[in-house]
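Just below is one structure, and these are the notes that go with it.
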Amino acid sequence: ASPCDRPVPATAGLSHDKWEIDPAELMLLEELGSGQFGVVRRGKWRGSIDTAVKMMKEGTMSEDDFIEEAKVMTKLQHQNLVQLYGVCSKHRPIYIVTEYMKHGSLLNYLRRHEATLDGNIGLLLDMCIQVCKGMAYLERQNYIHRDLAARNCLVGSENVVKVADFGLARYVLDDQYTSSGGTKFPIKWAPPEVLNYTRFSSKSDVWAYGVLMWEVFTCGKMPYGRLKNTEVVDRVQRGVILERPKACHKEIYEVMRKCWCHCPEDRPSFRALKEQLSVVSQGLL
Ligand SMILES: CN1CCN(C(=O)c2ccc(Nc3nc(-c4cccc(NC(=O)c5ccc(C(C)(C)C)cc5)c4)cn4ccnc34)cc2)CC1
């Protein structure tokens, strides 16, 4: 039969997996830093789109599982989430390509701008509310971050703050990072049920969000100062919580404290937190 009257194969077009990025369309620019996974560089995609490109050092993550998950992650879209554009998975190292955030991590931004930020309650609260909106979207999608902290949020122009690397922790191979006894495990952002049973949930993300609020209102101090991980675990198990930062109004600290309820079900949802924080924010005006 002539080609014109043969039905078009159902897979036509699907061979270009839309989460797969052609490296030929990517121009790598300056290094932005290096993290757990290796080097991160700024890049231009299709000549004009600013991107950040994580070049995944071999052996640092379970790549096939991640590439499978990338299909889901590219569908998570919100103005307070760093957008995953796609992956280059046909070569090694694989590249993870996301939107670019020009001011870098929220933690470094807070520390670099302490002089202008300290005391600007409205701006600090707005940053917390933006993170809360991104997290409320993930909560609605039943998506758990697992490593929410100021270091894993990014700042763009006009003080836009977005949550990055949501869910990526599941693919890290280094058990110093993944096991709660490991030296790289984010103990200071973990609630009791994660310390004891590594039971992650949106309510364990809420605990971490409370610590992130504390980071914001201290302009990037290290939670629990120089206490060793074992001492922090002991305090958290006993219900000792972070003290109120001096720049933090009592009503804002009350919101933080709710995030640190011992029982996950007593903690507010991100949806409820968003409501509470916007009421506080209006009260400030
Ligand atoms: C004026 N200042 C000059 C200095 N400065 C910068 O150099 C600077 C500017 C922009 C930056 N932007 C980004 N930087 C990064 C970046 C840079 C270095 C390291 C990392 N992060 C990682 O490599 C990393 C993240 C998470 C994880 C876990 C454990 C959660 C799985 C592991 C590894 C990200 C990612 N981005 C995604 C979107 N935008 C960026 C980063 C840095 C900031 C501006």
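The values are calculated or read from the model by the stated rules, or taken from the named source; none is laboratory data. Because the structure is a prediction, the values reported are computed rather than measured. No Cβ is skipped: glycine too gets one built from the backbone with ideal geometry, and neighbour counts run over all protein chains shown. All accessible areas refer to the heavy atoms of the entire protein, side chains included, with ligands and DNA or RNA removed. Shrake-Rupley method; radii C 1.70, N 1.55, O 1.52, S 1.80 Å.
Could you tell me whether the range 153-167 includes any residue that is open to solvent by less than 20 Å² (accessible area, probe 1.4 Å), under 10 Å from the mean Cα position of the chain (by Cα) and under 13 Å from Met61 (Cβ atoms)? Checking the range 153-167: at least one residue is open to solvent by less than 20 Å² (accessible area, probe 1.4 Å), under 10 Å from the mean Cα position of the chain (by Cα) and under 13 Å from Met61 (Cβ atoms). For the range 197-229, a residue qualifies if it is free of Cβ contacts under 8 Å to residues at least 12 places away in the same chain and outside any loop (DSSP other than H, G, I, E, B), and exactly one does: Tyr197. When residues in the range 109-131 are screened for being assigned to a helix (DSSP H, G or I), in contact (Cβ under 8 Å) with a residue 24 or more places away in the chain, of a type outside the set (A, V, I, L, M) and out of contact with any Lys or Arg (no Cβ under 8 Å at 6 or more places or on another chain), 6 of them pass. When residues in the range 43-83 are screened for being open to solvent by less than 40 Å² (accessible area, probe 1.4 Å) and without any contact (Cβ under 8 Å) to a residue 24 or more places away in the chain, 1 of them pass.
Restricting to the range 254-267, name every residue that is part of a helix (DSSP H, G or I) and open to solvent by 30 Å² or more (accessible area, probe 1.4 Å). Even if it seems obvious, please write down each step before you answer.
So in the range 254-267, the residues part of a helix (DSSP H, G or I) come out as 254-259, 264-266.
Result: Glu254, Arg257, Lys258, Pro264, Glu265, Asp266.
Just a yes or no: is a residue in the range 242-259 of a type in the set (Phe, Trp, Tyr) and under 28 Å from Met61 (Cα atoms)? So far as the range 242-259 goes, no, none of its residues is of a type in the set (Phe, Trp, Tyr) and under 28 Å from Met61 (Cα atoms). Could you tell me whether any residue of the range 195-210 is touching a Leu at 6+ places or on another chain (Cβ under 6 Å) and polar (S, T, N, Q)? No, the conditions are met nowhere in the range 195-210. One residue stands out among those in the range 174-196 that are in a loop (DSSP other than H, G, I, E, B), within 21 Å of Thr60 (Cβ to Cβ) and away from the ligand (no atom under 11 Å from the Cβ): the one that is least open to solvent (accessible area, probe 1.4 Å), which is Gly182. Of all residues in the range 9-30, at least one satisfies being within 19 Å of Val155 (Cα to Cα), of a type outside the set (Ser, Thr, Tyr) and either within 16 Å of the ligand (Cβ to nearest atom) or at pLDDT below 90 (or both).
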